[in-house]
Structures are given as C-alpha cells and as structure tokens.
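Colleague: The structure's right below; bear with me while I get my questions together.
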Amino acid sequence: MGWAWRREQWAVLWLCVAVLGVALAGAGVGAFEEGTAVYIVTMKQAPVFHKRLDLERFGSSRIAGGGGADTPATSILMKPRHGPAQPMNYGSYLVRLQNSLLKRTLRGERYIKLYSYRYLINGFAVVITPQQAERLSMRKEVANVMLDFSVRTATTHTPEFLGLPQGAWVQEGGPQCAGQGVVVGLIDTGIDPTHPSFADDLITDSYPVPAHYSGICEVTNDFPSGSCNRKLVGARHFAASAITRGVFNASQDHASPSDSDGHGTHTASIAAGNHGIPVVVAGHHFGNASGMAPRAHIAVYKALYKSFGGFAADVVAAIDQAAEDNVDIISLSITPNRRPPGLATFFNPIDMALLSAVKAGIFVVQAAGNTGPSAKSMSSYSPWIFTVGASAHDREYNNYVVLGNNLTITGVGLAPGTDGDSMFTLVAAPHALKNNAARPTEMSLGECQDSSHLDEDLIRGKILVCSYSIRFVLGLSSVKQALDTAKNVSAAGVIFYLDPFVIGFQLNPTPMDMPGLIIPSSDDSKVFLNYYNESLVRDETSNKIVSFGAIAKILGGQNPNYGFSAPKVMFYSARGPDPEDNSLANADILKPNLIAPGSSIWGAWSSLGLDSAEFAGESFAMISGTSMAAPHVAGLAALVKQKFPYFSPAAIGSALSTTTSLSDREGNPIMAQRTYGNPNSTQSPATPFDMGNGFVNATAALDPGLIFDSSYDDFFSFLCGINGSAPVVMNYTGNSCGASAMTGADLNLPSITIAVLNQSRTITRTVTNVASDESYTVSYSAPYGVAVSASPAQFFIPSGQRQQVTFVVNATMNGTSASFGSVGFYGDKGHRVMIPFSVISKVVHGS
C-alpha cells in the first residue's frame, strides 16, 4: 500500500559500498564503527547552478531562449532552463574542495564520504562521529552540518474523472501528444522497465528524447542495457547512506534502478504511463490504463527501498542529480518520518535542495502524507513545494454477499460471483478440520492458510469462511494463500470476515480468481457471524456440529460502480494548518495546495513488486494514498508546462490552484472524512486545511486567465523574515539576509492564510494576465469574525501585464478557531480565478 510500514533488515558488505562508488578514506578499511552516523554537510561556496546563474546575470553567458539583461531570470515568461550546463570543471573543483576539507579536518582519521552534492547545493554526505561533525561545523568553509534522517513512501478511470479525454488532452492534440517534450523526474522506489506502460515501441511517429535532458541510464545485471528508451529516458539509484547503515538487503532491495517494491512503477505510470494499456488482473480485464501525461517522458531516481524506506542523504543526492539532468518536474511520493527539528520546518536538507530546484525552474510536487485526519498532520511544509492531498473518485468496486435470511452485506474483492442464483452452504474453516478435531488454536487455520488440515469432502462445493486478522495487515497471512486453500479443498467460494482486532484499517479491493469477498466492516462481520452461528445444528449431548444451516451467494465485484458524491477528502490524507515548527505554531501558508485522486488507484505494478502481497505477480495493482495523488498532479503539471513552456514553477502551481473545483459531481460541497474508523459516517464539508484550493481541474488549468507568480528571491525573503533565521539562511543558501519582515501571508501565493490576525493586517496580491485583455471584478466572502475590503474592486488588465490588489483585513471578534472565506476574480471573458482565505486566531484591540 502507499502507506505501508517499512521493516529494517541487516545486510551490508564493504564490497557493496565500493560498487556504489563510495569513497573510503582514513586508516584502513573495516567494519563500520559504533557511534558513527551519516551527516549532511553543506559548504558556503556556491554550487554549480547558482554559479551558472550568477554568470548569466552578469553577462558572462546567456541561457538559450533567455531575455535581455532587464528580464529577471525567474520571471513567468523567461525562466533559467535548458541552457548549456556550467563547465563541469567547476563541479570537479567543488568536489576537490570538499575532499581537501575532509582530509585537512580529519587528518589520519577514519570517515566515509558517501556523496558529493554540487549542482543544487555544494556539500557532501559523510559517515563520521559526532565529535568529527562538531569539528567540521567549526570550519569557516562549512555552512551547515545536519544529522541524516529517514523518509518513507506516503489508474484506469481517473483520466475520465478528471475530464482529460474531452478536455485537456484535446487542447494538447489528444493523448498521442499530451505532455510531449516534458521530462517528469520521479524520486521513488525505481521502475520496472519491461512494463508496457513505459515501452516506446507502441509509438510509430516521431518521439525524440528531449534535447534538454542530459541524464543517463544506469546499467546493472538486473537493469540491463536497453532498459531505457524514448519513454523511459533516464534511470539511476542512490543507496549509499542505507548501505553504510547496514539496512540494505541486496537480494531484496536491488542496487539498481529496478523496482522490487512496486510503489515507484505505480507512481510513474500514474504520472506519464502510456495510453490505452490493458489492465488484466487475476485473469480479468478491468479496462485500459493511461498516465495523466501519456506522451511525457520519465526519468527515475531510485532513493527508496522495500526493506527500510529511505534516508535524506540519498534523497538529496537524487534531487541534485535530477536537477543537473534538466528534468522539468520532480515528483516525490515521500515524506519525512518525523517533523524536522530546529527553527522552522522549512529548514531541512530536502526542502532546501528543492528550493534550489525551484530556483532552477523545476516544478516540485510532493505527497501531503498519510497521517490524517488530525489537524496539523501535514508532512510537506514549504511554500515552494506543491503539496497534494488525496481524494476519492467516482469509481468503486463493491461486491455483496446475500445471506439465507435475505440480508445483504457489502464486501470488497475484485472477484467473480457464485454461479447464478444458487445458494451455497457456508462452512467456517475451524469447523471443517479433518477427523472433526477440536477447534484449533493456531490462527493460520482459521485464516485458511493451510489446506492440509481441512476436510475436502466436507467443504467441496460450499463457501469456505475465513478470518481476516491483523496477520493479513502485517503480511504474515495472505488472501492469495487462502484462495489456494479454498481451491485445494474444492470450495465454491470464500468469504473473509473481519477480526474485531483489525480496527480502523481500510481494505482495498483485492483480486481473487474465484468467487469471494472480504467483509470490511467489523459491525457487518458480527452480523454475518451471528447468522452463521445461529444456523449451526449441534448435537444436544456432545455439542458437535451435525449440519451447517447457513447459506449464501456472492455477487461479483469485477464491474465498477459510479457515484456522484466524489471527490471527497480521504481520512488518511494529511491536514493543515501547516506547522511552522516543532512547537506546532501555525504558518501563514496553506497546506495542502489541492487534492487529487488517491484512493483505489489502478497503476502499473513491478514484476518484482512486494509492497502489496495481494498483487504479487500481477502487472497492475490498485492501491491508495497521497503517494498516488502526487503523481496525478505531476502529470497534469506536465500538460500545463507543455502549453506554457516558460511558466515558472510558481506560475504552474498557480494555474493548477486557482482553477480547482469546490463541489462534487452532484454540485454539493466537497466532503472530508473525519475519522479513521468508519470514515464515511463522520464526513463534513471540507475546509481549505483539508483540501487546499480544492479538487484539481486539469482542463481549466490550461486557461487560468490570471497567475500569481513568486520567485526564488521571494522565498528567500520569506525565510529571512522568520525570527532568528539569518544564520540558518546563510548556512543553507550562502547569502546574507537583509532586513525582511515578510511572512507567509505576504508571499504572492494563490491563497491567503493568516495564522494570527492581531487587530488589522494589509495583504497584497499581484496577478499577471496570461490570456487576452480582460476586465475583472473582485468579489470576496470574509471569514467569520473578520471584515475585509479589497482595492481596486474592478480593474482592466492587458495581456501580459500585472495588477496589484490590496486587502485590508480587520478582526471583529476574538477567537482561536479557524474560519474560512474566499476571494474571486471574475473576468468578463469567462475566466474565474478563485483563492481561499483562511484566518485562525483573531484578536480585537482592547478586548
């Protein structure tokens, strides 16, 4: 599943370290010493990209397609992308400086340098002791030293649900053109290059590898030469930090871009998998699959693994390489395992590397995390990152069991039904042991994991009843094994009832190649068991079962049902408000940015995939999580990038954000699930802290009308505005903070969020017209307890020009509960630009 727990397993050899190119230094080679750890060290000297940008700004070189000296490098229409790379001798020079620093500081001592970062940040990852880290931090060349930390991983119908075939794809020339020329870089668990979703032999017309992309395809025994093609244009892996920690299992995790988990193959296909690939699972055809941008190109940077998840040092190396390779979009379906410590959540190696990626013109998408539904559960923090929450879509797979007492119970299972209208006798596994043995104590027997103890003559032609316990959740038992058991004893079908100890766990539809279902509700399971037990006929003397009186039939669940109450925010999707620091102070930043389909998503599955045992050996899997939502938006961003190739990352994010939908398919407000258990019974209207700007609307995003743009300089000023941040900002960026009072509310974001409204506040937003000349009217709905005025209330804006709008916000009552409103920009040519308005604490003067 997208939120699967990760297990650690010991396996490390120094030979593996050498294979990965890890430099060994110091006195001899031996076992990794106790008390050492991986540290990420950044240096003050500018990295390759920043040096290149400085040269361009001062006229030493120009980027192909760039404007004159008066054009900001990070403006909407001219951003620093796809130019000639800075001569590699500067990058080599930085590596030499890093090595020299280590040798001079740790002379004669043992250390292991894992990575040299040089493109987005100048620094390295190194295995050292805390004492060595302290000495490095004292060097004048060093900006920052941080302990490495762990991270974790957080569709056939969704193109139709998002309106792509009749909308955005049509505008791009159809699925055969949608996304062409755009490279989506995915930092995940790798990819299965043999999957037809990533083949290029289905394409007969011109489909060149984009000229701006400069990545390579790593070649190993399990990722042989020829694995890459015009679709899968690059693939690498990063595991040095994991190997040195001793958690890398070479036989399971694979030191290559190959995907032994399944998660990376799944997310890549959602973003940019080929169009029209048949989805056949358990022998049944469920339709055809397509990525959101089926003509875009894929580059894979594997930094996550089945056994343990991943580590920041490896992820930062992957980000740095993706940027150097000139990807257009980075998609991360990963989140940190804990909230970053320190002055603010924004100051961590991953987010700061992504800030440099944004400076390089790369649009960055990240999953919100699967830690909902509680407030402040957000796992993606920074305003330069586009954070995506998960919603349901309108397709559901349900099957049913009809009992002999005429009760019908809903189940889950991608399975056929029993034959016709015939009713079949129900027999529970513990009641069908050979020789009529006593009730077993081994859970595996009740879970139907072993057919050798079951009486085939008793079960033949009947429906076998099995327990679905916590062991299935932990991977100790499996539905596939139970199905094998049912076949071995010639059962007509199989029904799983939910063990009462499995609480708050949502079951995805599970493929079954025989009639079957899982009853996902503990309450319904009790009803089912009561009927079964009350129908047993027992001997009055011995209490032994004489006959089985319960009967049932299974209605198939292989055909989808389509409803109108979608989208809705899923219970696991992480929520705002955005926590600014570990004290959980609120940031003036809206998170998530929006929601996209993330529940029960079909996607390609690796032939080696182990992450979802129920889909082992299948070529497609249906899984859920914000991990699935993020690549939806990465693919849709590729469509925006294709139409507006010179949009900055902020402009792409704005186009997606201001054009969202705020209602479901029936025209009612989007709902949000509020509890982990029985989530559909606790829904209430979603707020911006649940869904951000709303549900993504790909077609509208291709004609946004107005854009809210922000540059790297804006984000830099925001960081400098955090109290006490100047030294930290200097350490991460190498630049000094000037005087800055900027807060998150002052950033030119397509939303307004005020954590604390102390009496009054003036907020400005600047919009840029990316359509034709148009007149706009500004309308707003003020949050409860707040008075708002806007100026100007109307304006005319020529194409390509900017307009500033000022909002004066006054508290009218004291309160600490968040309240919400909205601002709408309504154009006379049909454009409708909407942004949410959120105020948390309100303080009235003199109260």
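The values are calculated or read from the model by the stated rules, or taken from the named source; none is laboratory data. From a predicted model like this one, the values you see are computed outputs, not experimental measurements. So basically every Cβ, Gly included, is an ideal-geometry build from the backbone, and we count neighbours across all protein chains shown. SASA here: full protein model, heavy atoms, side chains in, ligands and nucleic acids out. Shrake-Rupley method; radii C 1.70, N 1.55, O 1.52, S 1.80 Å.
Colleague: Sort 686-692, 537-543, 139-145 by the packing proxy (mean of other Cβ within 10 Å over each peptide's residues), most packed first.
Modeller: Working: 686-692: 25.9, 537-543: 8.1, 139-145: 17.1.
Order by mean packing, descending: 686-692, 139-145, 537-543.
Colleague: Could you give the length gained on full extension between residue 284 and residue 201, defined as 0.36 nm per residue of separation minus the Cα-Cα distance, in nm?
Modeller: Values: separation 83, 0.36 × 83 = 29.88 nm, distance 2.49 nm.
Difference between extended and current length: 27.4 nm.
Colleague: Which of the chymotrypsin sites (Phe, Trp or Tyr not before Pro) across segment 443-540 are loop residues per DSSP, with 16 or fewer other Cβ within 10 Å?
Modeller: Values: sites: 468, 472, 496, 497, 501, 505, 528, 531, 532; in loops: 501, 505.
Here the sparse-neighbourhood loop sites are 501, 505.
Colleague: While we're here: Please give the Cα centre distance for segment 178-246 versus segment 524-584, rounded to the nearest Å.
Modeller: With segment 178-246 and segment 524-584 each reduced to a Cα centre, they are spaced 41 Å.
Colleague: Separate question: Rounded if a/c is under 1.5, else prolate if a/b is larger than b/c, else oblate: which is segment 700-828, with a ≥ b ≥ c the root eigenvalues of its Cα gyration tensor?
Modeller: Details: a/c = 2.51, a/b = 1.22, b/c = 2.05.
Judged from the Cα gyration tensor, segment 700-828 comes out oblate (a/c at least 1.5, b/c at or above a/b).
Colleague: Which one is right for this structure if Rg/Rh (Cα atoms, Kirkwood Rh) is calculated from it: (i) 1.03; (ii) 1.00; (iii) 1.11?
Modeller: Structure-derived value, by its label: (ii).
Colleague: Next up: So for segment 362-483, averaging the separation of alpha carbon pairs under 8 Å that are six or more residues apart and normalising by length, what relative contact order in percent results?
Modeller: Working: 127 pairs, mean separation 20.2, N = 122.
Value for segment 362-483: 17 percent.
Colleague: Considering lysine pairs in segment 397-556 that are 8 or more places apart or on different chains, how many have Cα atoms under 23 Å apart?
Modeller: 13
Colleague: Once you order the gyration tensor axes a ≥ b ≥ c over the Cα atoms, which shape class does segment 397-556 get: rounded for a/c under 1.5, otherwise prolate or oblate by comparing a/b with b/c? All intermediate terms of the calculation are to be shown ahead of the outcome.
Modeller: On the way: a/c = 1.37, a/b = 1.20, b/c = 1.15.
Rounded.
Colleague: A further question follows. Just how far, in whole angstrom, is segment 726-778 from segment 301-343 if you go by their alpha carbon centroids?
Modeller: Result: 27 Å between the Cα centres.
Colleague: Using a 1.4 angstrom probe on heavy atoms only, work out the carbon and sulfur share of the accessible area of the chain in %.
Modeller: On the way: 15750 of 30400 Å².
Answer for the chain is 52 percent, counting heavy atoms of protein chains only.
Colleague: Given Cβ point charges of +1 (Lys, Arg) and -1 (Asp, Glu) and nothing else, what value in debye, to the nearest 20, does the dipole of segment 747-843 about its Cα centre take? Each step should come with its number before you reach the end.
Modeller: Working: 6 positive and 3 negative charges, 43 e Å.
Computed about the Cα centre, the dipole is about 200 debye.
Colleague: Give the residue from 300, 43, 361 lying farthest towards the positive end of the charge dipole for the chain; charges sit on Cβ (+1 for Lys and Arg, -1 for Asp and Glu) and the dipole is referred to the Cα centre.
Modeller: 43
Colleague: Sticking with this structure for a sec: Placing +1 at every Lys and Arg Cβ and -1 at every Asp and Glu Cβ, with all other atoms neutral, what dipole size does the chain have around its Cα centre, in debye to the nearest 20? Working shown, then result.
Modeller: On the way: 56 positive and 64 negative charges, 423 e Å.
My answer is approximately 2040 debye.
Colleague: Also: Can you work out the PRE-style zone for residue 808? Point 7 Å along Cα to Cβ, and I want the residues of segment 750-792 with backbone N under 14 Å.
Modeller: Those under the cut-off are 760-764, 787-792.
Colleague: Arrange the residues 97, 355 by how much accessible surface each exposes, largest first, with a 1.4 angstrom probe. List each step's numbers first, then the result.
Modeller: Details: 97 50, 355 5 Å².
If we order 97, 355 from most to least accessible, we get 97, 355.
Colleague: Considering the options 657, 435, 414, tell which one lies farthest towards the positive end of the dipole of the chain, charges being +1 on Lys and Arg and -1 on Asp and Glu at the Cβ, about the Cα centre.
Modeller: Of the listed residues, the answer is 657.
Colleague: I would also like to ask the following. List the lysines whose Cα lies under 21 Å from the Cα of residue 44, skipping any in the same chain that are fewer than 8 positions away.
Modeller: Here the lysines satisfying the reach criterion relative to residue 44 are 103, 113, 140, 359.
Colleague: How much area per residue is accessible in the chain when the probe is 1.4 Å and only protein heavy atoms are counted (Å²)? Each step should come with its number before you reach the end.
Modeller: Numbers: 30400 Å² over 847 residues.
Ligands and nucleic acids excluded, the figure is 36 Å² per residue.
Colleague: Ok, one more. Defining a contact as two alpha carbons under 8 Å apart and six or more residues distant in sequence, what relative contact order in percent does segment 397-556 show?
Modeller: Over segment 397-556, the number comes to 34 percent.
Colleague: Determine the calculated [θ] at 222 nm for the chain from helices alone, applying -39500 (n - 2.57) to every DSSP H run no shorter than 4 residues and normalising by the residue count; nearest 500 deg cm²/dmol. All intermediate terms of the calculation are to be shown ahead of the outcome.
Modeller: Values: 22 runs with 182 residues, N = 847.
Calculated at 222 nm, the ellipticity per residue is -6000 deg cm²/dmol.
Colleague: Moving on. Sort the following peptides by mean Cβ neighbour count (other Cβ atoms within 10 Å, averaged over residues), highest first: 828-835, 669-676.
Modeller: For the peptides 828-835, 669-676, the packing ranking is 669-676, 828-835.
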